[in-house]
Amino acid sequence: METLCTEKTPEPGEFTDILEERRRNSDLSYALRTFSPQPYKGHPPTSASALHQAVLDSHYLRYVTQEVATESGEPVDVIREEAAGILEEMSHNLQLSFIRLLGYTLSKVFKRVFRRILVNEEGLNKLQQAIQEYPVILMPNHRSYVDFLVLSYVLFTYDLSIPVIAAGIPLMGMKLIGEILRRSGAFFIRRAIGSDKLYWAVLSEYVKTIVRTGSAPLEFYVEGLRSRTLKSLNPKLGMMHMVLEPFFKGEVYDICLVPISISYDRVLEESLLAHELLGVPKPKESTTGLLKARKVLEDDYGSMHLCFGQPLSVRELSKGRISRSQYNLVPRDLPQKPSEETQAFVSVVAHGVVRLQERGVVLGPWSLMALVLLQNYGGLALDSLAQRTAWLRGLALKFGALLDWPAQVPDEEVMLSSVSLHGSLVCCEEGRVFLLDEQGSSVAAPLVSSVSPEEAVLKRAAVVLMCASYRNQALHVFVRPALVAVAMPTAPSSRKEDVFTQFKFLQELFSNEFVFVPGMAIQDFEEGCSLLLRCGALQISGQELTVTEDEPEIASFLRAILQPFIQTYQVVFQHLTVDGSQVFTERQYIPVLRSYVLKLILAGELHTYEALSSDTQKNVLYTLLRMEAVTKMKTGDQSKFRVNKADIQRIGDILAGRRPAQSAAFSRL
């Protein structure tokens, strides 16, 4: 599936600011103008009621309702009524009048909070062509609640078909807002479906009917959830299986997947997300909460970019990789479990789409500044920060990053502009730039506070995590060469196969932190080496890999990028092998570990506030579960985890370079 990850993304110069025209012309005229998108194969869109009826009348849903009735002992009519209720709760009711209302309202809002909304029109032209020829699946990354609003806004602006959008059911519960979203194309999915066969059947048939009819582009977040860290998340595969099944069964000739990369100079929820990572409960979605959040309209959030990627043909991707003949052996209307081959294909495609989303992300100066500042908690002189960030900009460009950097502007002015935009996180005083905690002190200053030491650390950690989220937007650019840079000094020798073995171990260990396409470890290693060679940081002599004497700073910088993750994993390993309980629930794990990390920070034994991130802490636990160093047991209504201390110690030793990783096959190296 290498072709999936070699798609070239547009250059930043090809982006157009759609707010420029909105600032010149009437918002009312914009909302009420003629809207005439070109539909799929020239067919008029299917109405919400016709779609609803097609799902209820489908042979597949009739089969499942009969099966559920037999298993439960309930009459079929009762089960069918339950299915109709699920569909009523779930389904969209897309109406153009509400799209116009949303278009008018969002024009007002977006002009207040964003300087620019930039889109690549070449990608939109390709999307327009795809919508007319094939069922289209829009697959944006998910960083903010703004994501799906702005995507529909852009499509409305360019006279493209409005998508129907998979949304979490909590949004449905927002008075008035939930109904506006439903009539703007949202359909609502319960978060905890579990083994509810009937719900799965209704959802699956609803999604597949949308795809089969091509009634509208279907939009969903392959990552499943909004990323609280602004890093890409590994894909969830349930919805992916649903949207691809009509192709597997030959019900449609092809399906187009469109990766969409959304990136922000500043995210509206930055503070909320950081505090969630520190254990502050997420506020319930409500209309009242939305109204209270109106103060965000008073802030400046800089620019946002939407990069529409090359439409991907599922038919082309599947050639020579899966056999669809298995679907000919069973009637199309009957449920059928996908083969291992099909499951592997879906997984690779989903991971590949996330990688393409990453490649389309446009980075602003602040993401690179955050990378530098997080390696210098004590702050930097403005001229040093400008120099280091300019150096990093050159490195990022060599690594293939897309950058939005002001032209013809001195670097120090670019730095000061970013400091102004992120004034709640960073400050420039007397020519020195440093991160500010929530009390207005440098995060490197001694803790002096009217609150408890633990609370003071958490306030400081919130700012570090906010800054880290912007750094995280850039990590995909550096992670592969960084893993090679970390593997080289911890491998048992400088031989290529030993470095690759250590690289592959690190990739497996951190595969909950970063997205890697399954089965492409060798390609990832070669990419990392190639990028290091390109910037002069690596030399290869025969089968020996060494850091060049001319550019040791690059390898050192790349290792430092991964240090917060390495240190957090080592701290969790230490806790589980020395101080932690051998059996615990996840609910017990996070608060106990947070307390342990706080003690280490206060004692001066740990210097990364990122170790307090609950997402990273959970990632460590589930990594150990995947690597079989922790086992999960079901006891009653809850799950418990049992620690194998010897296995965790072994993993920790490999990470530290005290023990070699197991060898692998190197035939292609």
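Miscellaneous remarks
- Antiparallel bridge percentage (DSSP; both residues within the stretch 337-476; nearest 5): 80
- Each label was represented as a point 7 Å from its Cα along the Cα-to-Cβ direction; for residue 599 and residue 546 these points are 4.6 nm apart.
- Each part gets one Cα centre, and for the stretch 98-170 versus the stretch 358-421 those centres are 29 Å apart.
- Label-to-label distance, nm, for residues given as residue 397 and residue 622 (7 Å Cα→Cβ offset): 3.8
- Counting DSSP beta bridges with both ends in the chain, the antiparallel % (nearest 5): 60
- Selected from 214, 417, 493, residue furthest toward positive end of dipole (the chain; charges at beta carbon): 214
- Unit charges on C-beta of K, R, D, E only; dipole of the chain, Debye: 760
- Charge-dipole axis of the chain as Lys and Arg at +1 and Asp and Glu at -1 on Cβ define it, positive-most pick from 178, 481, 441: 178
- Taking all protein chains into account, the per residue accessible area for the stretch 574-669 stands at 53 Å² (1.4 Å probe).
- Förster radius 51 Å - calculated FRET efficiency between residue 450 and residue 330, Cβ distance, rounded to 0.05: 0.15
- In angstrom, the C-alpha Rg and Dmax of the chain are 25.6, 78.
- Using heavy atoms of the protein chains and a probe of 1.4 Å, the accessible area assigned to residue 41 is about 120 Å².
- Residue ranges 268-279, 649-660, 360-371 sort as 360-371, 268-279, 649-660 when ordered by packing (mean number of other C-beta atoms within 10 Å per residue, highest first).
- Counting all C-alpha pairs of the stretch 525-669, share separated by more than 21 Å (%): 55
- Charges were assigned to the Cβ only: +1 to each Lys and Arg, -1 to each Asp and Glu. The resulting dipole of the stretch 351-453 about its Cα centre is roughly 500 debye.
- In the complete set of protein chains, residue-level accessible area for residue 121 is approximately 70 Å², probe 1.4 angstrom.
- The stretch 318-443: relative contact order in percent, alpha carbon pairs under 8 Å with at least 6 residues between: 24
- Principal axis extents of the C-alpha atoms in the stretch 101-150 (largest first, rounded to whole Å): 37, 22, 20.
- Selection among 595, 630, 554 by position relative to the dipole of the stretch 530-669 gives 630 as farthest towards the positive end (Cβ unit charges, Cα centre).
- Taking Cα centre as origin and charging only the Cβ of basic (Lys, Arg, +1) and acidic (Asp, Glu, -1) residues, the dipole magnitude of the stretch 444-498 rounds to 200 debye.
The values are calculated or read from the model by the stated rules, or taken from the named source; none is laboratory data. This is a predicted model, so every value here is computed, not measured. All Cβ positions, glycine included, derive from the backbone under ideal geometry; neighbour counts span all protein chains shown. Protein only, heavy atoms only, side chains kept; ligands, DNA and RNA dropped before computing areas. Shrake-Rupley method; radii C 1.70, N 1.55, O 1.52, S 1.80 Å.
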